[in-house]
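Have a look at the structure below, then the notes.
Nothing in this text is a laboratory measurement; each read-out follows from the coordinates by a stated rule. It should be emphasised that the depicted structure is a prediction, and the values quoted were computed from it without experimental measurement. Cβ placement follows ideal geometry from the backbone for every residue including glycine, while neighbour counts extend to all protein chains displayed.
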Amino acid sequence: MSKLNRRDFLKLTGVGTLAAAGTLAGCAGPGANGSAARAKVVVVGGGPGGATAAKYLRMVDPTIDVTLIEANPQYHTCFMSNEVIAGERSLDSIAFGYDGLKKHGVKVVHDYVTAIDAGARTITTKGGNTFHYDRAIVSPGVDFQWDAIEGYSEAAAERMPHAWKAGPQTALLRRQLEAMPNGGTVAIVAPPNPYRCPPGPYERASLIAQYLKHHKPRSKVLVLDPKDKFSKQGLFTAGWKNRYGYGTGNSLIEWVSGAQGGKIESVDPANMTLQAAVESFKADVVNVIPPQKPGKIAFAAGLVNEKGWCPVDKKTFESQIHPLIHVLGDASDATAMPKSGYSANVQAKVCAMAVADLLGDRTPGDPSYMNTCYSIVGHDYGISVSVVYSLDETANSIVGVKGAGGLTPADASPEFLKREMHYAHGWFANITNDMFG
Ligand code: FAD
């Protein structure tokens, strides 16, 4: 006799129907009108992780009832937001809606999730609705450690934007650059590890330098860093030498490492000053990228451990704290994958497959993962790093596969670097279509 799976069991008993279909306050599910119970998955957060997971879950198994709860009606990608800041593209070109997901049968709800009850398997929103789930997928991205730099706060970010969540903050930093006089200084306060998009601050420095070179050539970018090294450093500094006179007296970019006193301890937005342990700095435009932590809901739901991130089973992205809740993207501890949109997109596919398998009483397969981070250093000048990963199940760790992936060669020709920039733009078009299309 064949074994009953969970769904057959629910159909036979009828007991699970109400729970599985989500008939709690505010959400009548398919079971409520007498149809068979469908497994119910609720996804929190419609960024790269959540949007991809919701879409792929429906593609893997269209019988699963998928609801995506996202706070905003539009998502602005951080990827390519540095080009918006540099005046290379419009804010609209990085905005995406959720109609594509609806076409895949995802129920999209715009509301803010305030609580997840792992015991009752319910998700509650600010709008007063409660959603029941068989499995939940949580991808809330990062929040900022507002108290890490004295004087910095949400209010201070209106004067010294972080622009590390794309949207109004991106537009604000752009306006400030446009308003800055020729000869001004732009300071970028880089964050400590780990943070979203390890090469992001240095791509930003590059693209701001490109804007200054063409529009305000007597100005400069000062990168103040608590770290002593950074992602793709050799390739970035080679690009800075090639384009912006890095290392000369006339360099458009200056990088101050942690060892050189670059760690900023306090800021004074009224006077536009920044204080490090020894030296203080003054700038006309200040971009503070604060230290980061998982999005608020991850804390409210008790998904964060003492290391500060959400520990997961790397085969399924199921929380190691609360079973039946999966955590993806920037909020999860998916070391050695970097916190990137590409990583979140890949993790979401692994997670969607695993969730479909688990709901269908099948054993999830062995995943592989990959990430490519493109950075644009200037016009016709792109660089990239790619890594393919596999799972070490015993150690629950994601490990790079030797010999797979690679880095832009140090001696790449101008033609090669130009192609990398085109690949970066092609990647953006493809991945946003994969997430939201
Ligand atoms: P997010 O993108 O932050 O999405 C989270 C979503 O959840 C948001 O839409 C938010 O509104 C929603 N949400 C949060 N809490 C709630 C709640 N309680 N209720 C309802 N909704 C909620 N990555 C790359 O791969 N390539 C790049 O070139 C690249 N460039 C970057 C450049 C910059 C300047 C920056 C800052 C980042 C860049 N990244 C890049 C990184 C990438 O943007 C992030 O890693 C990625 O967005 C993470 O996706 P996520 O789904 O984890 O989180």
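Which length gain, in nm to one decimal place, applies between GLN233 and THR248 when the Cα-Cα distance is subtracted from 0.36 nm times their residue separation? List each step's numbers first, then the result.
Values: separation 15, 0.36 × 15 = 5.40 nm, distance 1.75 nm.
My answer for the length gained is 3.7 nm.
Give me the angle, in degrees from 0 to 90, between the Cα long axis of helix 341-359 and the longest principal axis of the Cα atoms of the chain, rounded to the nearest 10.
10 degrees
If contacts are Cα pairs under 8 angstrom and at least 6 residues apart, what is the relative contact order of segment 319-418 in percent?
Working: 129 pairs, mean separation 20.8, N = 100.
Value for segment 319-418: 21 percent.
Highest first, please rank the peptides 409-419, 283-293 by the mean number of other Cβ atoms sitting within 10 Å of their residues.
For the peptides 409-419, 283-293, the packing ranking is 283-293, 409-419.
If you plug each phi of segment 308-314 into the Karplus form 6.51 cos²θ - 1.76 cosθ + 1.60 with θ = phi - 60°, what whole-Hz ³J(HN,Hα) values come out, in order, with x for Gly and Pro?
3J(HN,Hα) across segment 308-314, in whole Hz: x, 10, 9, x, 9, 6, 6.
For LYS102, give me every one of the aspartates and glutamates with a C-alpha distance below 19 angstrom, ignoring sequence neighbours fewer than eight places off in its own chain.
ASP61, ASP65, GLU70, ASP111, ASP434
Could you work out the relative contact order of segment 152-242, using alpha carbon pairs under 8 angstrom and six or more residues apart, expressed as a whole percent? It would help to have the intermediate numbers written out before the result.
Working: 71 pairs, mean separation 27.1, N = 91.
Result for segment 152-242 is 30 percent.
Applying a 10 Å radius around every beta-carbon, put 136-142, 420-426, 185-191, 47-53 in order of their mean neighbour count, most first. The partial results should precede the final answer.
Numbers: 136-142: 27.4, 420-426: 16.3, 185-191: 24.3, 47-53: 30.1.
Final packing ranking: 47-53, 136-142, 185-191, 420-426.
Give the lysines reachable from LYS232 as a straight Cα distance under 16 Å; neighbours fewer than 8 places away on the same chain don't count.
Qualifying lysines at Cα under 16 Å: LYS241, LYS339.
Net charge near ALA118, counting Lys/Arg +1 and Asp/Glu -1 over other residues with Cβ under 12 Å of its Cβ?
In short, 0.
Kindly write out, for segment 163-176 in residue order, the coupling ³J(HN,Hα) from the Karplus curve 6.51 cos²θ - 1.76 cosθ + 1.60 (θ = phi - 60°), rounded to whole Hz, with x marking Gly and Pro.
Calculated HN-Hα couplings, in order: 6, 9, 10, 6, x, x, 5, 5, 5, 5, 4, 4, 4, 5 Hz.
Note down the net charge around ALA205, summing +1 for each Lys or Arg and -1 for each Asp or Glu among other residues with Cβ under 13 Å from its Cβ.
+2
Going by average Cβ density within 10 Å per residue, which order do the peptides 198-204, 428-434 take, highest to lowest?
Highest to lowest by the protection proxy: 198-204, 428-434.
Does the chain come out rounded, prolate or oblate by the C-alpha gyration tensor, with a ≥ b ≥ c the root eigenvalues, rounded set by a/c under 1.5 and, if not, prolate when a/b is larger than b/c and oblate if not?
prolate
How much length is gained if the chain between ASP366 and SER413 is pulled fully straight, taking 0.36 nm per residue apart and subtracting their Cα-Cα distance, in nm to one decimal?
Gain in length upon complete extension: 13.1 nm.
What does the net charge come to around PRO367 if you take all other residues with beta carbon closer than 15 Å to its beta carbon, with K and R at +1 and D and E at -1?
-2
May I ask for log10 I(q)/I(0) of segment 249-378 at q = 0.11, 0.17, 0.20 Å⁻¹, from a Debye sum over the Cα atoms as equal point scatterers with solvent left out?
Each listed q corresponds, in turn, to -0.60, -0.96, -1.11.
Give the separation of the Cα centroids, segment 365-435 to segment 214-238, in Å.
21 Å
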